Amino acid sequence: MMRQLGEMNTQDPSAGSSSYFAYKYWGHFPGFLAGWNYWVEYALAGITELTAVAAYTLYWLPNIPTWKTALFFFILVNAVNLLTVKVFGEVEFLFSSIKVFAVCAMILAGSYILFFAPSLVTGASIKNLWQSPTIGIHIGDNTFSGFFPYGIMGLVMALPIITFAFGGLELLGITAAETVEPTKTIPKAINQVVYRILIFYVGSLAVLLSLYHWSNLSVSDSPFVMIFDHIGFKYAAWTLNFIILIAALSVYNSCLYSNSRMLYALALQNNAPKIFLKTNKRGVPFNAIFISSAITFLVVPLNYFIPNWVNAFKIIVNFVVVYILTNWTIITLSHLKFKQKNEETLFPSPFYPYSNYITLAFIGFILAAMATPQLGMIKQVIAIPFWIFTVYIAYKILKNN
């Protein structure tokens with residue numbers, strides 16, 4: 001999916017990204033659906049990130065309600081986005097640099113402990129990746145242990161959450177219109193995605209699960225922070241928690257930026273009110289930022305009425321996954337339409353059209369997993385056609401006025 005979107009953006013850079021391509025190569029309603037689906041997806045994703053930021057703050061301020069810290073950072077990030085695009089870029093560059101440095105530092109520090117000072121963490125061993133825990137994990141009448149402790153179905157059940165983790169990949173397309181030399185920058189960025197996933201995701205997980213057996217990890221705590229806190233490196237744990245908080249703020253910052261640009265692009269297509277085309281003297285679409293942040297402000301009452309941040313986080317994540325899968329489906333189908341009119345492109349997607357069909361099959365597989373009783377997300381899956389129908393009614397009303 002990422003390579004398909006990259007091919008379209010390299011050939012025809014646009015701030016609307018998936019919405020623009022669906023609109024241009026597929027039809028008016030697909031473009032309308034893609035844009036508003038994307039907008040809702042990232043508005044809700046912003047809620048999850050601010051909830052995570054509030055959760056990380058509990059490490060230092062355990063008695064402060066999460067809704068208060070969520071409100072504070074909500075105001076802070078929105079203030080940054082109302083400045084120039086240059087300021088946004090500089091802040092995001094700083095956030096991203098901190099994230100990259102932190103992940104590399106965690107991998108190096110974890111590797112050092114694992115191979116040169118394993119006594120610092122009780123039970124640290126690369127064997128933790130496949131060996132059984134000291135005590136078997138019991139669920140019902142079954143005992144699970146070792147590599148793939150829950151069997152292949154455990155992996156299948158994890159796919160929706162994995163989908164959420166990779167939901168921001170398509171964000172790259174939003175920056176295409178504001179990127180210098182997109183025909184060079186976009187292919188370079190997309191080609192680096194695989195290596196970054198291997199280093200930052202797979203690498204950090206391998207080190208982490210070697211230091212601590214998966215059965216010892218907590219759902220509500222950051223694993224690396226927990227490890228350094230456990231071995232007495234309080235300052236390292238404090239620093240890591242701060243960096244993880246910055247990482248979550250970075251994601252929300254990107255969500256707000258992309259949403260405002262998507263509304264701007266929808267207004268250009270006459271798929272949103274023209275008021276979203278207005279920019280301030282610094283070139284920032286302030287009306288689009290205002291309405292996008294207004295939706296994300298729901299993070300405050302959500303965390304107020306659901307003080308347990310884990311429960312609040314799960315509620316929104318379940319819905320975000322649905323919008324992500326809908327967005328990926330639209331991108332994949334739009335690419336098929338795009339290729340019918342653009343046989344020769346600057347950055348061709350490999351294995352076309354088979355890669356498109358494999359992507360669609362994989363999306364269907366995730367939806368099937370979500371519909372199983374084990375995950376209990378059947379309501380979210382059933383909501384997809386109702387969501388599309390609702391958007392279609394809104395489309396008809398808008399076009400008839």
Original post:
To the nearest 0.05, what FRET efficiency results for Arg196 and Ala158 with a Förster distance of 25 Å applied to their C-beta separation?
Top reply: 0.75
Subject >> Most to least packed among 270-277, 47-54 [average Cβ atoms within 10 Å] >> reply: 47-54, 270-277
**OP:** Stick to the Cα atoms of the chain, pair each with every other, and give me the Kirkwood hydrodynamic radius in Å at one decimal.
**Re:** 22.6
Original post:
How large is the charge dipole for region 316-401, taken about the Cα centre, if only the Cβ atoms of Lys, Arg (+1) and Asp, Glu (-1) carry charge, to the nearest 20 debye?
Top reply: 280
Original post:
What order, most packed first, do the peptides 391-400, 360-369 have when packing is the mean number of other Cβ atoms within 10 Å of each residue?
Top reply: 360-369, 391-400
Original post:
Where in the chain are the DSSP H helices whose C-alpha atoms run 27 Å or more along the long axis and whose mean Kyte hydropathy is at least 1.6?
Top reply: 85-116
**OP:** Could you give the size of the charge dipole of the chain about its Cα centre, using +1 on the Cβ of each K and R and -1 on the Cβ of each D and E, expressed in debye and rounded to the nearest 20?
**Re:** 760
**OP:** Before rounding to the nearest 500, sum -39500 (n - 2.57) across all DSSP H runs of length at least 4 in the chain and divide by the residue total; then give [θ] at 222 nm in deg cm²/dmol.
**Re:** -22500 deg cm²/dmol
Original post:
By the gyration tensor of its Cα atoms, with a ≥ b ≥ c the square roots of the eigenvalues, what is the shape of region 235-375: rounded for a/c under 1.5, prolate for a/b over b/c, or oblate?
Top reply: oblate
**OP:** Straight distance only, please: which lysines reach the Cα of Lys339 with their own Cα at less than 16 Å, same-chain residues fewer than 8 apart left out?
**Re:** Lys24
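We did not get these values from a lab; they are worked out from the coordinates using the rules stated. Predicted model only: the values in this text are computed from it and were never measured. Every residue, glycine among them, receives a Cβ derived from its backbone with ideal geometry; neighbour counts consider all protein chains shown.
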